[in-house]
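The values are calculated or read from the model by the stated rules, or taken from the named source; none is laboratory data. Keep in mind the model is a prediction, meaning the values are calculated, not measured. Here the Cβ positions follow ideal geometry from the backbone for every residue, glycine too, while neighbour counts run over all protein chains shown.
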Amino acid sequence: MKTAERILLTSLELFNHQGEANVSCVDIAVELDISPGNLYYHYKGKEVIVSALFDMYQERINKILVSPAESELTVEEFFYFMLMLLESIHLFRFLYHNPADTIAKFPGIAKGFKKVLQAKESCFQIMLQRYAEQGAMNLTSKQIEQLVQMMSMMLTQAQNYTLLKGEDIDSEHYIFQLLSHVLFLFTPYLNVEEDVLQRLNQDIQNESL
């Protein structure tokens, strides 16, 4: 693995577990057992590292969002899609420890962050509208708009809320907790067989989706 790639992966791990604000370029260099000058040769400061990591995140998330927007998914498949989306957010979770502060501190990613948020909301809007048209969900246009906003807020602020409560966000269990919240939001509007709903709930509870 090239040094530049090692720097990004190590930075991501340190940022995720310690918080970006608590990690300096020197800390990253020490962890990699390279000189700060070597690190600076590849990335001239932490802002450049954060920007490069955000580009990785944005590319990954966009690939996930494109597929369901262009194809039809069953309600069960939607929750697998949500799992992939949550796993990608979790992989770059340092960005969401306090997103408002993150984009204020690193204005270079602010525009991209807003684009990701808009892409998520657009994807949710398309999918919920499609489910309503298919009869898989009983939703009015206003309800679709509200669900989209609630899902978007949850995905954007859940980590910050959980950290404020002093709870762990590093485990896979946290991801399935969020997935369970999404199912809770959807349940009153779902028009699917009872056994489908029970299976979905069981798979999420067992973390075996």
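Return only the number of the condition from (1) touching a His at 6+ places or on another chain (Cβ under 7 Å); (2) assigned to a loop (DSSP other than H, G, I, E, B); (3) not charged (D, E, K, R) that residue 163 does not satisfy.
Unmet condition: (2).
Going through 162, 156, 102 one at a time, which residue ends up being outside the structural domain of residue 17 (by TED's automatic domain parsing), closer than 18 Å to residue 65 by Cβ and among the hydroxyl-bearing types (Ser, Thr, Tyr)? Break it down into steps so the answer makes sense when it comes.
Numbers: 162 fails: closer than 18 Å to residue 65 by Cβ; 102 fails: closer than 18 Å to residue 65 by Cβ.
The conditions single out 156.
Return the residues of the stretch 94-120 that are surrounded by fewer than 19 Cβ atoms within 10 Å (Cβ to Cβ) and either in contact with a strand residue (DSSP E or B) (Cβ under 8 Å, 6 or more places away or on another chain) or closer than 22 Å to residue 177 by Cβ (or both); say none if nothing qualifies.
97, 99, 117
Starting from residues that are free of Cβ contacts under 8 Å to residues at least 60 places away in the same chain, part of a helix (DSSP H, G or I) and of a type in the set (Asp, Glu), keep the ones in the stretch 12-35 and report whichever is nearest to residue 53 (Cα to Cα).
13
If I filter the stretch 176-187 for residues that are of a type outside the set (A, V, I, L, M), at negative phi and in contact with a strand residue (DSSP E or B) (Cβ under 9 Å, 6 or more places away or on another chain), do I get at least one hit?
yes
Can you tell me which residue within the stretch 46-105, out of those that are small (Gly, Ala, Ser) and not in a loop (DSSP other than H, G, I, E, B), is nearest to the chain's Cα centre (by Cα)?
Of the stretch 46-105, the ones small (Gly, Ala, Ser) are 51-52, 67, 69, 71, 88, 100, 104.
Next cut, not in a loop (DSSP other than H, G, I, E, B) only: 51-52, 67, 69, 88, 100, 104.
Details: 51: 17, 52: 17, 67: 16, 69: 17, 88: 5, 100: 15, 104: 19 Å.
Per the stated criteria, the residue is 88.
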